[in-house]
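Visitor: Before anything else, here's the structure in question.
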């Protein structure tokens, strides 16, 4: 697990780089208002800040939206997946 590795391990930078590439790609294709990264790997301390920093570097000032404001963790935290699935299930059961 990434969280089990020391904070200065190269794997942190590699993962942040690939996630930042995703951010820049999504900005170029969709120009989203938010990009929400959650799940187990994002529980790694400082990973979201590393992703933001790398996305800023990779974007080179080209995009209107600052990745520091664009990339956010889920508002429901670790329960986002479970509560999202519950919301979908409840919406399906209440449909006519």
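Visitor: Pull up segment 29-45, narrow it to residues that are touching a helix residue (DSSP H, G or I) at 6+ places or on another chain (Cβ under 9 Å) and part of a helix (DSSP H, G or I), then point me to the one that is surrounded by the fewest Cβ atoms within 10 Å (Cβ to Cβ).
Guide: Looking at the filtered set, the residue picked out is 41.
Visitor: Here are some residues: 56, 48, 88. Which one is part of a helix (DSSP H, G or I) and touching a strand residue (DSSP E or B) at 6+ places or on another chain (Cβ under 7 Å)?
Guide: After applying the criteria, what remains is 48.
Visitor: Going through segment 59-85 one residue at a time, which ones are touching a helix residue (DSSP H, G or I) at 6+ places or on another chain (Cβ under 8 Å), in a helix (DSSP H, G or I) and closer than 25 Å to residue 28 by Cα?
Guide: 59, 67, 68, 70
Visitor: Determine if segment 81-94 includes at least one residue that is in contact (Cβ under 8 Å) with a residue 12 or more places away in the chain, surrounded by fewer than 11 Cβ atoms within 10 Å (Cβ to Cβ) and over 14 Å from the mean Cα position of the chain (by Cα).
Guide: No.
Bear in mind that the values in this text are calculations on the coordinates, not laboratory data. Everything numeric here is computed off the predicted structure, so don't read it as measured data. Neighbour counts run over all protein chains shown; Cβ positions are idealised from the backbone, glycine included.
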